[in-house]
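Please read the structure below before turning to the comments.
The values are calculated or read from the model by the stated rules, or taken from the named source; none is laboratory data. Everything numeric here is computed off the predicted structure, so don't read it as measured data. Cβ sites come from the backbone with ideal geometry, for glycine too, and all protein chains shown count toward neighbours.
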Number of protein chains: 6
Amino acid sequence: MRPSGRAADELRPVTLEPNVSRHAEGSCFVKFGHTHVLCTASIEAKVPPFLRNQGQGWITAEYGMLPRSTHTRTDREAARGRQSGRTQEIQRLIGRALRAVVDLKAMGEMTMTLDCDVIQADGGTRTAAITGAWVAAACAFNRLVRARVLNASPMRGQVAAVSCGLWRGLAVLDLDYAEDSEAEADGNFVLTEDGGIVEVQATAERRPMTQREIDSLMALARGGCSTLFDLQKEAVHG
Amino acid sequence: MRPSGRAADELRPVTLEPNVSRHAEGSCFVKFGHTHVLCTASIEAKVPPFLRNQGQGWITAEYGMLPRSTHTRTDREAARGRQSGRTQEIQRLIGRALRAVVDLKAMGEMTMTLDCDVIQADGGTRTAAITGAWVAAACAFNRLVRARVLNASPMRGQVAAVSCGLWRGLAVLDLDYAEDSEAEADGNFVLTEDGGIVEVQATAERRPMTQREIDSLMALARGGCSTLFDLQKEAVHG
Amino acid sequence: MRPSGRAADELRPVTLEPNVSRHAEGSCFVKFGHTHVLCTASIEAKVPPFLRNQGQGWITAEYGMLPRSTHTRTDREAARGRQSGRTQEIQRLIGRALRAVVDLKAMGEMTMTLDCDVIQADGGTRTAAITGAWVAAACAFNRLVRARVLNASPMRGQVAAVSCGLWRGLAVLDLDYAEDSEAEADGNFVLTEDGGIVEVQATAERRPMTQREIDSLMALARGGCSTLFDLQKEAVHG
Amino acid sequence: MRPSGRAADELRPVTLEPNVSRHAEGSCFVKFGHTHVLCTASIEAKVPPFLRNQGQGWITAEYGMLPRSTHTRTDREAARGRQSGRTQEIQRLIGRALRAVVDLKAMGEMTMTLDCDVIQADGGTRTAAITGAWVAAACAFNRLVRARVLNASPMRGQVAAVSCGLWRGLAVLDLDYAEDSEAEADGNFVLTEDGGIVEVQATAERRPMTQREIDSLMALARGGCSTLFDLQKEAVHG
Amino acid sequence: MRPSGRAADELRPVTLEPNVSRHAEGSCFVKFGHTHVLCTASIEAKVPPFLRNQGQGWITAEYGMLPRSTHTRTDREAARGRQSGRTQEIQRLIGRALRAVVDLKAMGEMTMTLDCDVIQADGGTRTAAITGAWVAAACAFNRLVRARVLNASPMRGQVAAVSCGLWRGLAVLDLDYAEDSEAEADGNFVLTEDGGIVEVQATAERRPMTQREIDSLMALARGGCSTLFDLQKEAVHG
Amino acid sequence: MRPSGRAADELRPVTLEPNVSRHAEGSCFVKFGHTHVLCTASIEAKVPPFLRNQGQGWITAEYGMLPRSTHTRTDREAARGRQSGRTQEIQRLIGRALRAVVDLKAMGEMTMTLDCDVIQADGGTRTAAITGAWVAAACAFNRLVRARVLNASPMRGQVAAVSCGLWRGLAVLDLDYAEDSEAEADGNFVLTEDGGIVEVQATAERRPMTQREIDSLMALARGGCSTLFDLQKEAVHG
């Protein structure tokens, strides 16, 4: 029995609220249960130095946690003067996930920055961030199309992510903090709507996993993402 | 005629939503029009080195803006590796404002950290932050009293803040960004409910002010804060 | 009775020695009693990025304290690797004060940097710095006029500053360290010679102030600055 | 045909030279073809703060590249003043991999730091680092046993790692730089000798992967690691 | 003919004004011509971690240049966030020089910090700093003796320093900036009053030196320091 | 009797292995006994800002120690976020030494960076680094000549370095760590093959030196470097 009473293959209640920011080109406030992340997509008409004059765009991501998004207060990274390794790992993951489904050539020379800021944390912040960032990015591209900056959206497909893990020997979907903190293993799965695998990061925390276990996590992830893809479509197309 | 159509002595619609954070000891989501700030109060059972073994508590504040809280995206301070002078100035101001109404001796040896994070900015973020931080702090102290950690709340009174400025020659209350960016002068006024002045910071941006002008800003501030004190009471006491 | 034996409205002995630096375009060694600050004005033929190609100049300030300018040694900011919030607050204040009396358009595309370094501290370093920085700036502009780089000095008037505070219930002018460390409230007043108010920063340290008290501080400041304006004139014009 | 002429399931020539450092408690110079990494294990009789007085040890890792280990010179991280996100990601991975096979309780209160410094890079530096770090760690524990600091080695099994990827549609083992820079997808697989999976990190670079592809990468990884486990045994037991 | 009209073996006018700081335990304002350095000695009743509980003291030095001590303005190190290599090199040199003439054991567990801040620079700042730092240190120790903190001064002898160089083929004493910037070679010589050599740092800037040349620089240094030792005695003993 | 059994004027076994790096334009692995340093020379077709458009080249050096090159582990400078004063002092010394024997004008507008990384330390790392860096630089220039990027090597002569010191009253050549840590004085001597002196840095650690002692160190250094020059020639010309 999971702490939340959920079935092993049950997501937390997920909501994706688009266009919550007055200023950003695209935005989404995503909730996976008590995990709340604000995702904004910002467009700038320039590319990083290594891409200059190549006629293509770039997508990058930044991630942060509000100091009291966590159970006990976490030091503010701006005050400490450096981002942690965990933060950098996560923002690199979000950036790769989004670039996997966007035609960077079709973007032209612009940069989209996806800011994913955790307002409240209860496990699974990085997968919520990827799922919400896709909505923010899609909204921003649609806006550029409406504004006739782009002829068509360079978004080639949907990407979403979910965590799965082994908790007390059971493979479970979408771990919350109570499960995550005592899981034997967990993984983050970034998938595309057409069944493709963008990224798998699975880590054994207490004992090595078997092939069978990792396969069962993948199966759960496919189920969970299938629901997320539907919610994303609704959020973007209403 | 102000850009927002408000009267010269009219606040923006202000809401103070208490207890929005699942984890923080106290919290408040404050809106001054389109300026939205999340304030959380975190309690830790220790004091900074300079206060050790003196039997008193401490209150400190941190301030941050989400990168896309602003009209165009602002660099993330955690990524740049340092907090700006403006950020430090504001968080010092918030800390002083709250310490002015709390009996630090009555707190005992604990530290309250007020995190004020701007989710969306439209002028007046620091005054919204002070006003909301008071609610977060009051809620946190009340919770400690209910949990019998403290016998009584060390909160000795209310503190709130509002900005006033000279815009096209007119003294106006609670400037939004459109006014702020072309004001001749503006000031932040931090007041207590019983008529005391905690802090005045008034700056001439385009031409020096007269004594008469600064007096009219103070009068507007008193009026604005009087409304804010009522809203704070409602937020804390329901 | 003040610790120094001064009357409530009496400045410390103030001297403004101009042109003390062999290298700087303008300079002033200012003493407010035992508070000694070296102010230099440096001219560079460029402007910061946000002003490029706008045909106007810029004035900025930096502030520092020698490690043993203080009663006990203070850590060197260069060694710690960051400037404190207090330092940044002060240098922003000095910059605003000077920009308030200079016609930036008339400067042309050049930057003046005012370095205010505290050689010895005994309270009131920021107000001494502003008062001396005006002399350094005025000397530098006069030198550019003599060198025919500028047709006329872009200095439109005088600016000076003084601190006032409530000490044992008494409103006193120009607090020294002994008074400052036990004041109930204090403020920094930046005024122009023609009676204008550039900046007011008044803070209650132990209890909120009344309107009457803040008014009495302002009155003291006007008196003190009137003396400072005379000393500035003498320093610049001999 | 791979650039190196290797078969799809063929490792580069791998050597693991133990005890190369005069000072370190354990060490290994590992070569995967032209990728050369020096791994040292250093023991200190203390644990990080979060583990104090819990009667267990800790293993951590640091990773670095010499500036000219790469094809063109890379900036020195010590000179830039910060470690890149990539560096932090890798050193966290190495630490997790080693902790997965060590009985931290049996270590007692000591910390082992595994420094993995890339002397020359040609792809696969992180997997070479993990494979060599295991040898360095095993040697260090054996030395502590010989010195009677420990009764028995807390090493519970072997861990090794290898990269696999999709290169021109072909699943290949142990990518070198030429392959890595144009791979469609690649993954790092950290396995234990008894068939357990410690970590999988698979990323699609140019197009999402299928389940079948990811399975074929895993199969290659199992084959590669099986050779690495034999080489590790030889290196440690001679 | 030297730019200053001095003879090859002639020092610039040197003054050593002791006890210029109201706060520091010892101080000296040293002038070597237009090079002006404020040296303060601060005493703290603690030692750095590596010396704890060894019953001995420590002497360390810090060095800085005011931004406009130089011909054109130099960036403020506190603002850049790091001390330059040159600064660190110089402050390490000053510390070694002073430690060479102090009986650290006789100091007891205290730390003396010598802050050497360049108010105006015209070549030879580090040698002026060492020469003045000795006076500041001697005054501070004498004060501790008078205050009966120490039984006797732990100062075992005098140390002074001077630069010498090859300028247009000529060996000259105490280079000013005009000479220094076009010297073929120059050196800093740190000597004790009884003829001992504490440190020699000689560097060829444009062509290697001969043994004969380096010997002639040393001879000039001995002559120059002999004058400096007399001035130091006068400064300390009046 | 020296700890190593060497005669007072005897170098440790020295080897200079050229061209050890697959990627660098020039390289040398230098061993002075148990001190091992990898030196690489990297060429980039640009110069630092202060040399732009002056038709000349630049040579700079960076120095680092692997964390476990030392007897006990040293913190990684990249992790601490700053290079120590010692590191900066050494890399500045290496840069000056190499620039002394290269015709920067003849290089054209390119920068050579000499990375000297200590793989294992046993005293004398900076002198080994200079001696090896010269080989790396010479190899790199020869390669540019063979590739017809340069008409002739801009290397005008050889430079090498060795440390000498006073150990138990005896002047000894090429101190190892055991000697260095208890030496009364030591110095680093950077010499050219034709008898020129590029740099002398001699420091008294426990008592001032006499002129006679410093002369004897210099004599030892000349003897030691004479051997190093032969080994360098062999390394470069085979």
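How about segment B:122-136: which of its residues are among the aliphatic types (A, V, I, L, M) and within 13 Å of chain A (Cβ to nearest Cβ)?
Here is the first cut: in segment B:122-136, the residues among the aliphatic types (A, V, I, L, M) are B:128-130, B:133, B:135-136.
Once the filter is applied, which keeps residues that are among the aliphatic types (A, V, I, L, M) and within 13 Å of chain A (Cβ to nearest Cβ), segment B:122-136 yields B:133, B:136.
Inside segment C:15-27, can you point out the residues that are crowded, with 21+ Cβ neighbours inside 10 Å and more than 12 Å from chain E (Cβ to nearest Cβ)? Walk me through how you get there before you give the answer.
Let us first name the residues in segment C:15-27 that are crowded, with 21+ Cβ neighbours inside 10 Å, namely C:16, C:18, C:21, C:24-27.
Of everything in segment C:15-27, those that are crowded, with 21+ Cβ neighbours inside 10 Å and more than 12 Å from chain E (Cβ to nearest Cβ) turn out to be C:16, C:18.
Do you know which residues across segment A:149-178 are assigned to a loop (DSSP other than H, G, I, E, B) and of a type in the set (A, V, I, L, M, F, W, C)?
Those that are assigned to a loop (DSSP other than H, G, I, E, B) and of a type in the set (A, V, I, L, M, F, W, C): A:149, A:150, A:152, A:175.
Restricting to segment E:155-168, count the residues that are farther than 18 Å from residue E:213 by Cα and surrounded by 24 or more Cβ atoms within 10 Å (Cβ to Cβ).
Applying the first criterion (farther than 18 Å from residue E:213 by Cα) to segment E:155-168 yields E:155-161.
The next check asks that each one be surrounded by 24 or more Cβ atoms within 10 Å (Cβ to Cβ); those that pass are E:159-161.
Looking only at that region, the number is 3.
With the requirement that a residue be of a type outside the set (Phe, Trp, Tyr) and more than 19 Å from residue C:93 (Cα to Cα), what does segment C:156-179 give you? Steps first, please.
The initial filter retains those residues of segment C:156-179 that are of a type outside the set (Phe, Trp, Tyr), namely C:156-166, C:168-176, C:178-179.
If the condition is that a residue be of a type outside the set (Phe, Trp, Tyr) and more than 19 Å from residue C:93 (Cα to Cα), then C:166, C:168, C:169, C:170, C:171, C:172, C:173, C:176, C:178, C:179 are the ones that fit.
Exactly one of these conditions fails for residue A:119: (1) touching an Asp or Glu at 6+ places or on another chain (Cβ under 7 Å); (2) farther than 28 Å from residue A:156 by Cβ; (3) more than 14 Å from chain D (Cβ to nearest Cβ). Give me its number.
Evaluating residue A:119 over (1) touching an Asp or Glu at 6+ places or on another chain (Cβ under 7 Å); (2) farther than 28 Å from residue A:156 by Cβ; (3) more than 14 Å from chain D (Cβ to nearest Cβ) leaves (1) as the failure.
Looking at segment F:14-41, which of its residues are of a type in the set (S, T, N, Q), under 14 Å from residue F:117 (Cα atoms) and assigned to a strand (DSSP E or B)?
Step one: of segment F:14-41, the residues of a type in the set (S, T, N, Q) are F:15, F:19, F:21, F:27, F:35, F:40.
Next, from what is left, pick out any that are under 14 Å from residue F:117 (Cα atoms): F:21, F:27, F:35, F:40.
Selection gives F:27, F:35, F:40.
Being over 15 Å from residue C:69 (Cα atoms) and in contact (Cβ under 8 Å) with a residue 60 or more places away in the chain is the filter here, so list the residues in segment E:43-64 that pass it. Reasoning before the result, please.
Here is the first cut: in segment E:43-64, the residues over 15 Å from residue C:69 (Cα atoms) are E:44-61.
Those that are over 15 Å from residue C:69 (Cα atoms) and in contact (Cβ under 8 Å) with a residue 60 or more places away in the chain: E:44, E:45, E:46, E:47, E:48, E:57, E:59, E:61.
Name the residues in segment A:186-203 that are of a type in the set (Asp, Glu), more than 8 Å from chain D (Cβ to nearest Cβ) and part of a strand (DSSP E or B), would you?
Across segment A:186-203, the qualifying residue is only A:186.
Within segment E:92-106, does at least one residue satisfy the condition of being facing another protein chain (nearest Cβ under 7 Å), touching a helix residue (DSSP H, G or I) at 6+ places or on another chain (Cβ under 7 Å) and farther than 19 Å from residue E:43 by Cβ? Steps first, please.
Looking only at segment E:92-106, we keep the residues that are facing another protein chain (nearest Cβ under 7 Å), and these are E:92, E:96, E:100.
Next, from what is left, pick out any that are touching a helix residue (DSSP H, G or I) at 6+ places or on another chain (Cβ under 7 Å): E:92.
Subsequent filtering for residues that are farther than 19 Å from residue E:43 by Cβ retains E:92.
Checked against the condition, which is being facing another protein chain (nearest Cβ under 7 Å), touching a helix residue (DSSP H, G or I) at 6+ places or on another chain (Cβ under 7 Å) and farther than 19 Å from residue E:43 by Cβ, segment E:92-106 yields at least one hit.
Which of the residues that make up segment E:199-238 are out of contact with any Pro (no Cβ under 9 Å at 6 or more places or on another chain) and small (Gly, Ala, Ser)?
Selection gives E:202, E:204, E:216, E:219, E:221, E:223, E:224, E:226.
Mind listing whichever residues of segment C:92-103 are assigned to a helix (DSSP H, G or I) and either closer than 30 Å to residue F:82 by Cα or over 18 Å from the mean Cα position of the chain (by Cα) (or both)? Explain how you work it out, then say what you get.
Start the filter on segment C:92-103 by keeping residues that are assigned to a helix (DSSP H, G or I), which leaves C:92-99.
Scanning segment C:92-103 gives a single hit, C:92.
Quick check on this structure: which one of A:61, A:45 is at pLDDT 95 or above, farther than 28 Å from residue B:111 by Cα and touching a strand residue (DSSP E or B) at 6+ places or on another chain (Cβ under 9 Å)? So that I can check it myself, show each step before the final result.
Details: A:45 fails: at pLDDT 95 or above.
None of the other options fit; the residue is A:61.
Just one of (1) assigned to a helix (DSSP H, G or I); (2) under 30 Å from residue A:61 (Cβ atoms) trips up residue B:106, so point out which.
Every condition holds for residue B:106 apart from (2).
Here is a check on your reading of the model: is residue F:121 hydrophobic (A, V, I, L, M, F, W, C), at pLDDT 95 or above and crowded, with 18+ Cβ neighbours inside 10 Å?
Values: hydrophobic (A, V, I, L, M, F, W, C): yes; at pLDDT 95 or above: yes; crowded, with 18+ Cβ neighbours inside 10 Å: yes.
It is true that residue F:121 is hydrophobic (A, V, I, L, M, F, W, C), at pLDDT 95 or above and crowded, with 18+ Cβ neighbours inside 10 Å.
Matching residues to (1) more than 25 Å from residue D:107 (Cβ to Cβ); (2) among the basic types (Lys, Arg); (3) surrounded by fewer than 20 Cβ atoms within 10 Å (Cβ to Cβ); (4) touching a His at 6+ places or on another chain (Cβ under 6 Å):
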{"position": "D:170", "(1), (2), (3), (4)": "yes, no, yes, no"}
{"position": "D:176", "(1), (2), (3), (4)": "yes, no, no, no"}
{"position": "D:183", "(1), (2), (3), (4)": "yes, no, no, no"}
{"position": "D:190", "(1), (2), (3), (4)": "no, no, no, no"}
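Checking residue F:152 against (1) more than 13 Å from every other protein chain (Cβ to nearest Cβ); (2) small (Gly, Ala, Ser); (3) surrounded by 14 or more Cβ atoms within 10 Å (Cβ to Cβ); (4) in contact (Cβ under 8 Å) with a residue 40 or more places away in the chain, which test does it fail?
(3)
Which residues, taken from segment E:206-227, are within 11 Å of chain F (Cβ to nearest Cβ), surrounded by fewer than 18 Cβ atoms within 10 Å (Cβ to Cβ) and touching a strand residue (DSSP E or B) at 6+ places or on another chain (Cβ under 9 Å)?
Hits for segment E:206-227 are E:206, E:207, E:210, E:211, E:219, E:222.
Can you find a residue that is under 13 Å from the mean Cα position of the chain (by Cα), in contact (Cβ under 8 Å) with a residue 24 or more places away in the chain and not in a helix (DSSP H, G or I) anywhere in segment B:126-148? Before you say what the answer is, go through the steps one by one.
We begin by selecting, within segment B:126-148, every residue under 13 Å from the mean Cα position of the chain (by Cα); these are B:126-137.
Right, trim to in contact (Cβ under 8 Å) with a residue 24 or more places away in the chain and you get B:126-137.
If we keep only those that are not in a helix (DSSP H, G or I) as well, we get none.
No, there is no match, as no residue in segment B:126-148 is under 13 Å from the mean Cα position of the chain (by Cα), in contact (Cβ under 8 Å) with a residue 24 or more places away in the chain and not in a helix (DSSP H, G or I).
Only one of (1) in contact with a Gly (Cβ under 6 Å, 6 or more places away or on another chain); (2) farther than 19 Å from residue D:5 by Cα is not met by residue D:132, so which one is it?
(1)
Could you tell me whether any residue of segment A:210-230 is assigned to a strand (DSSP E or B) and not aromatic (Phe, Trp, Tyr)?
Looking only at segment A:210-230, we keep the residues that are assigned to a strand (DSSP E or B), and these are none.
No, segment A:210-230 contains no residue that is assigned to a strand (DSSP E or B) and not aromatic (Phe, Trp, Tyr).
Name the residues in segment E:42-91 that are surrounded by 20 or more Cβ atoms within 10 Å (Cβ to Cβ), away from chain F (no Cβ under 14 Å), outside any strand (DSSP E or B) and not hydroxyl-bearing (Ser, Thr, Tyr), would you?
Selection gives E:47, E:57, E:66, E:67, E:68, E:73, E:76, E:78.
Give the residue, chosen from D:70, D:15, D:40, D:35, that is in contact (Cβ under 8 Å) with a residue 12 or more places away in the chain and farther than 17 Å from residue D:122 by Cβ.
Working: D:70 fails: farther than 17 Å from residue D:122 by Cβ; D:15 fails: farther than 17 Å from residue D:122 by Cβ; D:35 fails: farther than 17 Å from residue D:122 by Cβ.
So the residue among D:70, D:15, D:40, D:35 that is in contact (Cβ under 8 Å) with a residue 12 or more places away in the chain and farther than 17 Å from residue D:122 by Cβ is D:40.
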